[in-house]
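Asks: My questions will all concern the structure given below.
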There are 2 protein chains.
Amino acid sequence: MTLKTQAVEVPANQKVEKVLKTYFNEDFARKAEALKPQLHEWIDRPLSVIKFEADEKAFFNCKPVHTHTIEELQDLSYGKGDQIILDFGSHRVGYLSCHLAVDGVNVDAPTRLRLTFGEIPYDVTEVLHPCNTWISTSWLPDEIINVDWLPTDVDMPRRYSFRYLKIDIIDTSPKYKVKFQDIKVRAVSAISPEVALASQNISIADKELALIDHISQVTLRNCMQTVFEDGPRRDRRLWLGDLRLQALTNYCTFKDYSLVKRCLYMFAALPREDGSLPACLFEKPKLAPASDYIVDYDSLFGPTVYDYTVAAGDLQTAIELWPTILSSLKIPLGHVGKDGKFDSSASEAWKFLDWSDGLDTNAGMHGLVMFACKEVNKLALLISKPQPFLDIVEKMTVAAKSFYDESQGVFVSGPDNQISWTSQAWLSLAQAVDPQTCLRALKTAMSLPKAVKPLTPYAYHHVAEALARSGGEKECVKLIREYWGGMAKAGADTFWECFDEKDSRRSPYGDCHNNSYCHAWSCTPSYLLRVALKDYLEKS
Amino acid sequence: MTLKTQAVEVPANQKVEKVLKTYFNEDFARKAEALKPQLHEWIDRPLSVIKFEADEKAFFNCKPVHTHTIEELQDLSYGKGDQIILDFGSHRVGYLSCHLAVDGVNVDAPTRLRLTFGEIPYDVTEVLHPCNTWISTSWLPDEIINVDWLPTDVDMPRRYSFRYLKIDIIDTSPKYKVKFQDIKVRAVSAISPEVALASQNISIADKELALIDHISQVTLRNCMQTVFEDGPRRDRRLWLGDLRLQALTNYCTFKDYSLVKRCLYMFAALPREDGSLPACLFEKPKLAPASDYIVDYDSLFGPTVYDYTVAAGDLQTAIELWPTILSSLKIPLGHVGKDGKFDSSASEAWKFLDWSDGLDTNAGMHGLVMFACKEVNKLALLISKPQPFLDIVEKMTVAAKSFYDESQGVFVSGPDNQISWTSQAWLSLAQAVDPQTCLRALKTAMSLPKAVKPLTPYAYHHVAEALARSGGEKECVKLIREYWGGMAKAGADTFWECFDEKDSRRSPYGDCHNNSYCHAWSCTPSYLLRVALKDYLEKS
C-alpha cells in the first residue's frame, strides 16, 4: 500500500481524515502479542566492491563493475571525499555492522561517514537530497554517523533494507584514513533461510517463471517480520489489502500460519466506533490504528480470514473473529443501494482498488464487495454459521449485469461508462457472470487503448488472478512474463512497489528515491504460479 | 593547543612527523588508570527558546531574542523545515536527551532532525557545511538523527560542548509534527558543582575581574574530564603545555591534585626511544602517544611536576617521576651550544611557544629551557636530590645577556634580531636578568608596533605572568582587562582558543566554525588574579 499519483502536492485523499474512536479489544491484542514471532537472524556479507558505469541499455542506465574483492577491501584506506559501494549480491533486511580500522599515526579527530542503503542502483549513484516528494523525506535511506574513537566496531542500531551500501567518507583527518573490515548484515525475517530454501522445492521448468517465483519469495520473505510489512524500507506497516495477498502467497510457500493469525488479531483488536477496521495499523511503539480507512480493505478482512481458515485448518480463530467479520462489512454494504448496485458516491470514504489516475470505482467495488460476501458465506459453512450474505449476493449478482455493456463486451463503470482493467478483474473474481463472459471482458479491456490500465502490482495481481480463474491461464502467464518478468529483466532482486517499463524514474511520490523496491503486494506470482496456474502449468 | 596560522593548506609543521618508538611504562599507566576520576554528573535544562536578530554593535553581529519559555515549548509543534534554538544560559559539556512527543493522527514515517550544538552564536546562526578548513570537518558540532518510532525518549550517545542547541526539523511527515519535551543535558566534569561554587569564595572586588575569574573557572571546569582536555569540543586531548596552565589554575581554584597526578603519570607512561615525551596523548580508545613532539612542551614536564609537588605536597610522585623529568630535558638541552645559547636550528624538532606568524624562537626557547632547568633544580631540593642543572643554568644565564639589546632595551632573537612579546616573556620568567630590566623589556616590546604580538591566550598568559613576576602588576591587570576582558565583553561564557577583537571570524583553521570556544589554555586569569597578582590586588 501507500502509493499515489504523479504529483508532489499531497493528494486530496491523503489529507488527514476524520479520526474515529477505536474500541480497543484487549483480549485480541493479547492474542496477537502472544503470537509475535522470534525473528530468525543470519549473517550475510558483501560479495564485492563495485562502481557503477553508464550503460544506456540498462533499465537504470548503469551497470555494476567489480573493482575489488572483499578480501582486498580490508587493506584499502579511505579518507576525506572518498566513496565506496559494496554489493551484497541480493536484497537484505537487517542490521549493519563493521569494524573501522585505522591507517595513520594519529586518530586526532572523529570519523564522519554517510551510509546510503540502496535497493536499486539510483539509490547509490545519485544524490538523494533534496528530494521532491509529497511523502516524508525521513524515509530516504541514508544516515550520517560520527565515530569518536577508532579503531572500533560500529553497530548501526536501525534496520535497513538494501542490496547496495554506499559509504561516503565525509572526513577523517589529515593524519589518518579508515579501513572497513568485517562488514556484515545481521539479516532478519520471520522466515528462516532453511524454510525459504525448502519452499523452492517445486519444479517450475520454465526458467523465466522460476526466476519470477524466486524473486516473489524473496520479496515476501523480506517483508515478513514481526508483522507482514508492506515494504521493509517504506513504510514498514501492516495494511489489510496487502496482508491478504501476502498471506495467500505465504500459504503456498513458507506456510507461516501463525504470523497471519497474529495480523488478523491485530486488526480485530482495533475496531472503530462504526464497526469498521482501519486500513492499516502500527505495531510500534504500541499497537495502534492508523487514521486511514479504505472501504475495499475493510471488505477484505472476511476473505482474508476465510483464506487463513482453509489454509491453516484453524476453525477456532474464524469463530472468534466472526463478529468482527460481520461488522467489517457494514460500511461497505452501506454503499449498496436498493437496486443492489454499489454506489461509490454514497460516502466520502476512500475506495482504493488501485492508484491509477481517474479510476472509477463503482464497478470494481461492486465486484469486490460481492466477492467478499461470497467468501464470507463460504466461511460460514466451514464454521457452521448461517450464511449471512445469501440475499445480498443474489441481489448484487442481478445488479452486476447492469455494469455489463453487451455491445462492447466489457463491464463499464460510473456516469461516463469508464472501461478499466480493474473493473473487469473484480467483477470476474466475484464471478458476477459466467467465466467465458468474464474472460472476454478482461481480454477486450486489455486490448483497448482507451481502457484505464492498472498502475500498481496490487491491481495487476487482481487482473492476473481474474484471468487465471476465468480460463485465461495463457493470458495470465503472458501478463506475469510481461509485468513481473519486466522487473526481473530490469534487474529486480525483489519486486517493486510500482513499475513502468518505459520510465525507470516513475514514482507515485514525485521522486523515485522515495519508492519501495521490495514491496509485498508485488509478491503474488508465486501464488499465481503455484496455485491459480498449477494445473495449467503441469499440463503445458 | 592545536592552533595554526590563517591558511587552509595544512601547515608544514603539521605534516606527520617521524614516528618514534614508545617504551610503554606499564607501571605508570596502571597508576594513571587507578586515578581515573568518576565524573560528576548533574542535570541542566534550557532556559528559553530564542532567535538571533541582527545587531551590528555585537561582536558576533547578532543578539539573542527570547521567543518562548520552556513551559510554552512543551505544547509547540514543529514540522518539516521548522527550526528552534534553545539557550541553556551558559556553556555545558555533556549528554543531551529529550522526549519527542507527537502532534498528529499518524506517525507514519520516521522523524529526521539535525541537531547543532553551539558554543557561540555563529554555530547556530550559520550553515556549517561546507567548511573551508585544514583540520577535520568531523569536529563540526552537528548531528543528523532518524527516529523510527514516536513518541519516544531520545538519548544522544555522544558528548557535546555547547550553550545553544539548534534543532532543524528536516522532516516528520504530512500527518504529524513533533513536540520537544523534557530537554536536558546530563552535564559532566571531574569537578562537582559544589566544589566549583566553593572555589568562588574569594573576594575580587572589581566586578570586571570577578567576571573574568568566573569565566576562567567555568572554562577550566568544563575542560576537566577524565583528563585535562584542551577543549571539550575540539580536540578533547591532553597536551603537556596546556596541562601546566590548567594545573596551575586548578591549584588555586578546585584543588583536584589527583587529576593532575593522573595526567603526569600518563605522560610518564609514554617515553619515546630518545627519552623525550610526546607533546600530547590520547586517552581513548586506549592510552597512546600522539606523534606530535614539541621541544618546549617536553621541557615543561619538569616544571609541571614541580608545581604539582609544591601544591599537593606529594613528594613521592616527584621521586618516582624524577628519571622521566631528567630524561625529558635531554632533547631540549641538546639545543644548547657550547656558548650556552639555545639554538633553534640545532634540530628540525618543533619549537612552539605560540602560533604567531614568523615568531623566532631562539630567545624565547632559551628563556623557557632555562626556566625549566631552574624549576627542576628547585624540585631537586624538595626531594633531596642533587640539583642537576646548576652548571647549565649558570652558563645559560651568562649567555642570556647576548640576547639583550642595550640600545633598544629589549631581548632580540635570531639572525634578524626579532623583537617579540614572547621572547621578553620567557626570558623574564627565567629571570635571565634583573626584574627591572625584564619589566622594561616587556613594556618596551609591548609598545613597539613592529614587535611580534602573541596570537594565542597561551602566549598571552606567559606575557601576563612575566609582567606580574617582574613588578608589572598594573600592566598585567591592564592586559587581562583588555584581552580576556575583551572576550567577556564579546559575550564569552568560557574563554576561547583564540581571540581577535577586530575579527569575530578569526580562525587558525580557515573557518571559525572549527574553533574551540572553551579552551583550557585560556583559563589562567584565575591563577593570575588569585596567585600572581594576589598581593597587588589586596593592596590596591
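Asks: Compute the label-point distances linking residue B:339 to its equivalents in the other copies; points lie 7 Å from Cα along Cα→Cβ; give nm, one decimal, shortest first.
Replies: 11.6
Asks: Counting only other chains, and only Cβ atoms inside 10 Å, what mean value do you get across the residues of B:147-159? Walk me through the numbers on the way to the answer.
Replies: Values: counts 2, 7, 6, 2, 2, 2, 0, 0, 0, 0, 3, 5, 1.
What the average comes to for B:147-159 is 2.
Asks: Can I ask one more? Hey, which lysines would be in cross-link range of residue B:284, C-alpha to C-alpha under 24 Å, not counting anything within fewer than 8 residues on its own chain?
Replies: Reachable lysines: A:80, A:175, A:177, A:179, B:15, B:18, B:21, B:31, B:36, B:261.
Asks: What shape does region B:407-540 have by the C-alpha gyration tensor, where a ≥ b ≥ c are the square roots of the eigenvalues, rounded means a/c under 1.5, and otherwise prolate means a/b greater than b/c and oblate the rest?
Replies: Details: a/c = 2.26, a/b = 1.27, b/c = 1.78.
It is oblate, given that a/c is not under 1.5 and a/b is not larger than b/c.
Asks: How far, in nm to one decimal, is residue B:350 from itself in the other copies if the label point is set 7 angstrom along Cα toward Cβ? Shortest first, please.
Replies: So the label point of residue B:350 gives 6.1 nm to the other copies.
Asks: Kindly give the distances from residue A:151 to its copy-mates, label point to label point, with each label point 7 Å from Cα along Cα→Cβ, as nm values to one decimal ordered shortest first.
Replies: 4.5
Asks: Measure nothing but the geometry: give the 0 to 90° angle between the long axis through the Cα atoms of B:435-447 and the longest principal axis through the Cα atoms of chain B, rounded to 10°.
Replies: 50
Asks: Tell me, what HN-Hα J-couplings in whole Hz come from the Karplus equation 6.51 cos²θ - 1.76 cosθ + 1.60 at θ = phi - 60° for each residue of region A:23-32, using x for Gly and Pro?
Replies: 9, 4, 9, 4, 4, 5, 4, 5, 4, 4
Asks: Output the relative contact order of chain A, whole-number percent, from Cα pairs under 8 angstrom with separation of 6+ residues. Write out the running numbers ahead of the final one.
Replies: Numbers: 1115 pairs, mean separation 96.0, N = 540.
So the answer I get is 18 percent.
Asks: Now, a different point. So if each residue of separation counts as 0.36 nm, and I subtract the Cα-Cα distance between residue A:339 and residue A:384, what length gain in nm does that give? Could you put the intermediate results ahead of the total?
Replies: Details: separation 45, 0.36 × 45 = 16.20 nm, distance 3.00 nm.
Gain on stretching residue A:339 to residue A:384: 13.2 nm.
Asks: Dipole of chain B, Cα-centred, from +1 at each Lys and Arg C-beta and -1 at each Asp and Glu C-beta, to the nearest 20 debye?
Replies: Values: 61 positive and 71 negative charges, 134 e Å.
Charge dipole of chain B: 640 debye, to the nearest 20.
Asks: Here is a further query. Going toward the positive end of the dipole of chain A, with +1 on Lys and Arg Cβ and -1 on Asp and Glu Cβ, which of A:78, A:129, A:269 do you reach last?
Replies: Selected residue: A:269.
Asks: Under the rule of at least 5 residues apart or a separate chain, name every residue whose amide H is placed under 5 Å from the amide H of residue B:163.
Replies: B:92, B:118, B:119
Asks: Right, something else. By Cβ position, which chain A residue lies least far from the axis that rotates chain A onto chain B, and what is the distance to the nearest whole angstrom?
Replies: Of all Cβ atoms in A, the one closest to the rotation axis yields A:144, 2.
Asks: Between B:198, B:486, B:212, whose Cα lies farthest towards the positive end of the dipole of chain B when Lys and Arg beta carbons carry +1 and Asp and Glu beta carbons carry -1, centred on the Cα centre?
Replies: B:198
Asks: Please list, ordered by chain and number, the residues whose modelled amide H lies under 5 Å from the amide H of residue B:177; skip anything fewer than 5 residues away on the same chain.
Replies: For residue B:177, the qualifying residues are B:103, B:104.
Asks: A further question on this structure: Magnitude of the Cβ-charge dipole of region B:397-516, K/R +1 and D/E -1, about the Cα centre, nearest 20 debye? Present the calculation step by step, with values, prior to reporting the outcome.
Replies: Numbers: 13 positive and 14 negative charges, 48 e Å.
Charge dipole of region B:397-516: 240 debye, to the nearest 20.
Asks: Further question on the same structure: Per residue of B:129-140, what is the mean number of Cβ atoms on other protein chains within 10 angstrom of that residue's Cβ?
Replies: If you average over the peptide's residues, the count of other-chain Cβ atoms is 5.
Asks: Using each residue's phi in region B:105-120, evaluate 6.51 cos²θ - 1.76 cosθ + 1.60 at θ = phi - 60° and report the 3J(HN,Hα) Karplus result to the nearest Hz, with x for Gly and Pro.
Replies: 8, 9, 8, 9, 7, x, 9, 10, 10, 10, 9, 10, 9, x, 7, 9
Asks: Between 0 and 90 degrees, rounded to the nearest ten: what's the tilt of helix B:301-312 against the longest Cα principal axis of chain B?
Replies: Value to nearest ten degrees: 80.
Asks: Taking Cα centroids, how far is region B:316-388 from region B:29-103 in Å?
Replies: Measuring centre to centre over Cα atoms gives 44 Å.
Asks: Follow-up. Taking H placed 1.01 Å from N in the peptide plane, check which residues at least 5 places from residue B:67 or on another chain put their amide H under 5 Å from its amide H.
Replies: When sequence neighbours closer than 5 places are left aside, the close amide H contacts are B:49, B:50, B:51.
Asks: Let me ask something additional. What list of ³J(HN,Hα) values in whole Hz, one per residue of region B:341-352 in order, does the Karplus curve 6.51 cos²θ - 1.76 cosθ + 1.60 (θ = phi - 60°) give from phi, with Gly and Pro shown as x?
Replies: Once rounded to whole Hz, the list reads 9, 6, 10, 4, 7, 5, 8, 7, 4, 6, 10, 9.
Asks: Just to verify a number: FRET efficiency for residue A:197 and residue B:18, C-beta to C-beta distance, R0 = 45 Å, to 0.05?
Replies: On the way: r = 57 Å, r/R0 = 1.26.
It comes to 0.20.
Asks: Among A:43, A:170, B:294, A:202, what is the fewest-to-most ranking by other Cβ atoms within 10 Å? Spell out each step's value before the answer.
Replies: On the way: A:43 10, A:170 20, B:294 23, A:202 14.
Least crowded to most crowded, the residues run A:43, A:202, A:170, B:294.
Asks: Per residue of B:182-189, count partner chain C-beta atoms within 10 Å of its C-beta, then hand back the mean as an integer.
Replies: Values: counts 0, 0, 0, 0, 0, 0, 0, 0.
Rounded to a whole number, the mean comes out at 0.
Asks: Here is a further query. Relative to the longest principal axis of the C-alpha atoms of chain A, give the angle of the C-alpha long axis of helix A:390-400, reported between 0 and 90° and rounded to the nearest 10°.
Replies: Around 90 degrees separate the two axes.
Asks: While we're looking at this one, here's another question. Taking the Cα centre of each part, how many Å lie between region A:147-166 and region B:233-302?
Replies: Cα centroid to Cα centroid, the span is 33 Å.
The numbers here are math on the coordinates, done by the rules we state, and not lab data. Note that the structure is a prediction, hence the values are computed from the model and not measured. Counting neighbours? That spans all protein chains shown, and the Cβs are built from the backbone with ideal geometry, glycine included.
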